[in-house]
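What follows is one structure encoded as structure tokens, with my remarks underneath.
The values are calculated or read from the model by the stated rules, or taken from the named source; none is laboratory data. Please read these numbers as outputs of a predicted model, since none were measured by experiment. Cβ: placed from backbone, ideal geometry, glycine included. Neighbour counts: every protein chain shown. SASA here: full protein model, heavy atoms, side chains in, ligands and nucleic acids out. Shrake-Rupley method; radii C 1.70, N 1.55, O 1.52, S 1.80 Å.
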Amino acid sequence: MSNQGFFIQAFIYLLAAVLSVPIAKRLGLGSVLGYLLAGVIIGPFGLRFVGQEGEDVMHFAEFGVVMMLFLVGLELQPTLLWRLRMPILGLGGLQVGVTALVAAGIGLLAGLSWQMSLAVGLILAMSSTAIVLQTLNEKGLMKTDAGQASFSVLLFQDIAVIPILALLPLLAIRKSSPVSLASNQLIFVAAETTKHASLPAWQQALLVLGTVGGIIIGGRFLTRPIFRFIAVTRQREVFTAMALLLVIGIAIAMQNIGLSPALGTFVAGVVLAENEYRHELESDIDPFKGLLLGLFFISVGASINFNLLIQQPLLILGLVLGLAVVKFAVLFGLGRLFRMELSQNLLFAFALAQGGEFAFVLFSFALQNNVLTPAVSESLVAAVALSMMLTPLIMIFNDRVVQPRFTLAEIEQEADEIDDNENPVIIAGFGRFGQVAGRLLIANGYKVTLLEQNPAQIDLLRRFGWKVFYGDASRLDLLRAAGANQARLMIVAIDDPEKTVEVVRLVSKHFPHLKILARATDRRHAYELIRRGADVIQRETFESALELGTEALKLLGSRSYKAHRAANLFRDHDEKVLREMALLEGDETAIIARARQMSQDLAQLLQSDNRELTQDVDRAWDISALRRSP
Amino acid sequence: MANSNRVLVLFAHPALEKSWVNRHLIRAIQGLESVTVHDLYELYPSFHINVELEQELLLAHDVIVFQHPFYWYSSPALLKEWQDLVLEYGFAYGDGGTALRGKKFLSAITTGGGEKAYCRKGYNRFTIRELLVPFEQTAVLCGMEYLPPFVVQGTHQLREREQIARHVEDYRRTILALRDDTVDWSGLRQLQHLNHGLEQIILSSETMPHV
Ligand SMILES: Cc1cc2nc3c(=O)[nH]c(=O)nc-3n(C[C@H](O)[C@H](O)[C@H](O)COP(=O)(O)O)c2cc1C
């Protein structure tokens, strides 16, 4: 492909995405459907901007799925994964097994050979990791029971792809020379056995164990010093490069030993879930993942074969419907078996009732190995693509029609659990200031996400068992990764005044639902922060100075309670004046004007103190008036 | 509404998160028009009461309600502090202290002890009316009319939701009737506890005499 051609292609894809996704979202259809429709529109059956090469794009874009699994892994603490072992193995295993058998049975009834039926059944048992996770994420449903169950099943399927790839050639009707997947399908060439086929089985096993072990051990012990080494440079793009390097490196390694790259990066993600650089990694990888997944969905949309649909509408639509119904029925039954609540069970069954992207790879692989005939595989590929397209619509149906039937009580219960997983508070800057505020919250049972930018400080805190994450809080993507969309409070306690202002500005602009509590160095800084949208500000030295003043009053002979009240009054008054002045001031820049203003402020302040403050304290509990009056 | 009173509820509960009764009572009257709920412990956690603001509030209302749990035969400490600070000489009483004159005063309290405990022979030895005498006299000294108190008793025994719900509904009706002036005032003055005779003293709109 020439350079020019590449740019034109990129232009078309990006334009399609930029136009269709916002429209789809505005219409409440979700981004996935937007991408799919964009694909249909620019595809061979729409405007014909992309043709055959769309398939290449699809295989390239599948890497988005690998990145997505890395990100999913990052969100998943090992303990949580361990808790999910039952659903993954039980629910996932049964889903693949039962769906494959039912689908194969139907295949037999339709007159296919048992080999073909089995292959079709196994392939159709797969659901779309990309569509389901993206949709659930977008709707904020990942942490619900249904979300976790869906994720478990998808994870099992992703793992099951590998043995299925190994099994397919054995089902061949005619013997044929083993075919390896075309090189452009490199990402999912999980079972490309040719490379190491020469090795004896025990060496092969050793190689697999060694690589996976390497990922786990390397992830645990090597990444930290490396990330730290890079973090000290504060060169953002190097960190991004490092993150990409990590994901791509693992993908290559896994592919070389014949395992699924998606599985490998997922494992790496889980290993790094506890790592302090997790949020940074997340925000670095996320845009790539988003773009690639979008590209992937577009290419799926573009690949739908409408010719087939026009020629044999009944057959294709029947297949789509049959596929959805069978998958739904099996999933729903399993949900019952696993005692899922009805509303969750429905969500779970609706979400996964489609064919998946693995089906494309598996079908072409099966075709090359003479397991399936072109006629069978083509119509099934079309059906799978259409069923993927249907999923966002089904989810909308579930959202608008099915779920509202369930009582509020159920929803209220769920809310609690979400709280459990997503921290309501983010603290940026966990030094002397942030620590006191944070410890108070933690001591009272609140979960707090801590961000710090000083690697040495992170090391120290980690050694004492604090979970602190590396990251620059003035980065929007990082705040997002740290959960700013779900949190309720943002505490800005960093010691750099300029940066504090920047963070406050950013947060109040992009996360208006967050209450912002900020640390101010002095009065001037406080004005600035108030103007930028901080809800609560605390001057870092104010309270302690006030305490000291109170002690001084006492030493001068004031009774404790009077001194205490005087300080209270002083604080209230000072805060009132502070707020007023903050709103009065313009954005004067000249330093001289600033200095003059400053001394004026102070004079004004001292004057008003004189008039108002002392009087008030003296009036309370005063009975002199009583004594005077008869 | 023809006769509409503005009602100020001064609410004092130091641990609302543990409250079983008051939290429902207060919720039932929150957000009503012309009813100001003023949560003192929420506003003044360090007992630093803004006297000026409180006096302005008093001036702007016609019916003053003290709502609180009964603690040691009296109010929680902050409400006492409030009285000491806000009911100033020259404002609420004494020379020129006429700000509260003609307003109505209601105590709305909840007690752990049951009805039977509050009588000569009960273990509290005095009736609620007797124990509330400091509030009554404070109101009278400030020139306010002291209304029979609204009392929810035996809160320790109130387990069932429906039991509480009945009191909640009574309280809401009381506050609304005071606000709308749909009260048989002479009948009301005969009662020991306001909530003992709600049916008789709250007039429905049909039986309202047209004035
Ligand atoms: C410090 C304290 C003192 C109390 N004193 C009394 C009392 O003198 N007489 C009484 O009947 N109940 C007393 N109680 C019980 C409370 O009145 C009772 O728990 C409260 O009215 C329940 O209302 P709540 O659920 O809204 O908190 C006391 C409770 C506390 C915590």
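Please give me, ordered by residue number, the chymotrypsin sites (Phe, Trp or Tyr not before Pro) of the stretch A:229-283 that lie in loop per DSSP and have at most 10 other Cβ atoms within 10 Å.
Working: sites: A:229, A:239, A:266, A:277; in loops: A:277.
Hits after loop and neighbour filter: nothing returned.
Which log10 I(q)/I(0) values does the stretch A:16-126 give at q = 0.12 Å⁻¹ under the Debye formula, counting every alpha carbon as one identical point scatterer?
These q points yield log10 I(q)/I(0) values of -0.77.
Mind checking the log10 I(q)/I(0) for the protein assembly as shown at q = 0.07 Å⁻¹? Debye, one equal scatterer per Cα, no solvent, two decimals.
-0.76
Can you tell me which of B:13, B:48, B:24 moves the most in a GNM of chain B? Springs connect C-alpha atoms under 10 Å apart.
Checking each option, the largest mean-square fluctuation is seen for B:48.
Please turn the phi angles of the stretch A:72-77 into ³J(HN,Hα) values with the Karplus equation 6.51 cos²θ - 1.76 cosθ + 1.60 (θ = phi - 60°), one per residue in order, whole Hz, x for glycine and proline.
Values, residue by residue: 4, x, 4, 7, 10, 5 Hz.
Taking θ = phi - 60°, what integer Hz values does the Karplus form 6.51 cos²θ - 1.76 cosθ + 1.60 yield along the stretch A:143-152, in sequence order, with x for Gly and Pro?
Going residue by residue, I get 8, 6, 4, 5, x, 5, 5, 4, 4, 4 Hz, with x marking Gly and Pro.
Between residue B:153 and residues 5 or more places away or on another chain, which pairs have amide H atoms under 5 Å apart, with H built 1.01 Å from N, and which residues are they?
Excluding prolines and chain starts, which carry no amide H, the hits are B:111.
Which of the chymotrypsin sites (Phe, Trp or Tyr not before Pro) found in the stretch B:60-164 are loop residues per DSSP with 11 or fewer other Cβ atoms within 10 Å of their Cβ? Walk me through the numbers before you get to the answer.
Numbers: sites: B:66, B:70, B:71, B:72, B:73, B:82, B:89, B:91, B:93, B:105, B:118, B:123, B:126, B:135, B:146, B:150; in loops: B:70, B:72, B:73, B:91, B:118, B:123, B:126.
The qualifying sites are B:72, B:123.
Using modelled backbone amide H atoms (1.01 Å from N, in-plane), which distant-in-sequence or interchain residues come within less than 5 Å of residue A:469's amide H?
A:450, A:451, A:452
Restricting to Cα pairs below 8 Å that are 6+ residues apart, what does the relative contact order work out to for chain A? Please round to a whole percent. Walk me through the numbers before you get to the answer.
Details: 861 pairs, mean separation 96.6, N = 630.
Value for chain A: 15 percent.
Taking only C-alpha pairs under 8 Å that are 6+ residues apart, what is the relative contact order of the stretch B:13-124 in percent? Provide the component values of the computation, followed by the final result.
Details: 92 pairs, mean separation 29.4, N = 112.
About 26 percent, as a whole number.
Any chance you could check the Cα centroid distance between the stretch A:313-366 and the stretch A:239-279 for me, in angstrom?
29
What number in nm² do you get for chain B if you take the convex hull of its Cα atoms and divide its surface by four?
Numbers: hull surface 49.1 nm².
Taking the Cα atoms of chain B, their convex hull projects to 12.3 nm² on average.
What is the average number of partner chain Cβ atoms found within 10 Å of a Cβ in A:620-626? Please list the in-between numbers first.
Details: counts 7, 3, 2, 1, 1, 7, 5.
Average neighbour count from other chains, rounded to a whole number: 4.
Quick check on the stretch B:20-92: take the gyration tensor over C-alpha atoms, sort the square-rooted eigenvalues as a ≥ b ≥ c, and tell me if it's rounded (a/c under 1.5), prolate or oblate. It would help to have the intermediate numbers written out before the result.
On the way: a/c = 1.78, a/b = 1.18, b/c = 1.50.
It is oblate, given that a/c is not under 1.5 and a/b is not larger than b/c.
With a 1.4 Å probe and all protein chains in place, put A:508, B:107 in order of accessible area, largest first. Walk me through the numbers before you get to the answer.
Numbers: A:508 40, B:107 0 Å².
Listed by decreasing accessible area, they come as A:508, B:107.
What are the extents of the Cα atoms of the stretch A:201-334 along their three principal axes, listed from largest to smallest and rounded to whole Å?
Computed over the Cα atoms, the extents are 62, 42, 30 Å.
Could you list, in their original order, any pairs among A:562/B:80; A:576/B:80; A:447/A:467; A:289/A:509; B:80/B:121; A:467/A:509 whose Cα atoms are separated by more than 21 Å? All intermediate terms of the calculation are to be shown ahead of the outcome.
Details: A:562/B:80 18 Å; A:576/B:80 26 Å; A:447/A:467 11 Å; A:289/A:509 25 Å; B:80/B:121 29 Å; A:467/A:509 28 Å.
Table pairs above 21 Å Cα-Cα are A:576/B:80; A:289/A:509; B:80/B:121; A:467/A:509.
Classify the stretch B:138-211: rounded, prolate or oblate, from the alpha-carbon gyration tensor (a ≥ b ≥ c, eigenvalue square roots; a/c under 1.5 rounded; otherwise prolate if a/b is larger than b/c)? List each step's numbers first, then the result.
On the way: a/c = 2.41, a/b = 1.32, b/c = 1.83.
It comes out oblate by the Cα gyration axes.
Please report the projected area of the stretch B:109-175's Cα convex hull averaged over all directions, in nm².
Working: hull surface 20.3 nm².
Projected over every direction and averaged, the Cα hull of the stretch B:109-175 covers 5.1 nm².
Once a ≥ b ≥ c are taken as the square roots of the eigenvalues of the Cα gyration tensor of the stretch A:3-406, is the result rounded (a/c under 1.5), prolate (a/b larger than b/c) or oblate (a/b not larger than b/c)?
Working: a/c = 1.28, a/b = 1.19, b/c = 1.08.
Taking the square roots of the gyration eigenvalues as a ≥ b ≥ c, the stretch A:3-406 is rounded.
Calculate the all-directions average of the projected area of the stretch A:264-346's alpha-carbon convex hull, and give it in nm². Don't skip to the end; give the middle numbers.
On the way: hull surface 36.2 nm².
The number I arrive at for the stretch A:264-346 is 9.1 nm².
Which of the trypsin sites (Lys or Arg not before Pro) found in the stretch B:102-145 are in a DSSP loop and have at most 15 neighbouring Cβ atoms, other than their own, within 10 Å? Write out the running numbers ahead of the final one.
Working: sites: B:103, B:104, B:116, B:120, B:121, B:125, B:129; in loops: B:103, B:120, B:121, B:125.
Filter output for the stretch B:102-145: B:120, B:121, B:125.
Hey, what's the Kirkwood Rh for the stretch A:419-540 if you take every pair of different alpha carbons, in angstrom? Numbers along the way, then the final one.
Values: mean 1/r = 0.0708 Å⁻¹.
It is 14.1 Å.
Applying the Karplus parametrisation 6.51 cos²θ - 1.76 cosθ + 1.60 with θ = phi - 60° to the phi angles of the stretch A:479-490, what ³J(HN,Hα) value in whole Hz is obtained for each residue in order, glycine and proline being reported as x?
In residue order, the calculated couplings are 4, 4, 4, 7, x, 4, 6, 9, 6, 10, 10, 10 Hz.
Explain nothing, just the number: relative contact order of chain B, from Cα pairs under 8 Å at least 6 residues apart, as a whole percent. It would help to have the intermediate numbers written out before the result.
Details: 327 pairs, mean separation 47.1, N = 211.
After rounding, I find 22 percent.
Skipping prolines and chain starts, which residues have an amide H placed within reach, meaning under 5 Å, of the one on residue B:73, given they are 5 or more residues away or on another chain?
Placed amide hydrogens put nothing under 5 Å from residue B:73.
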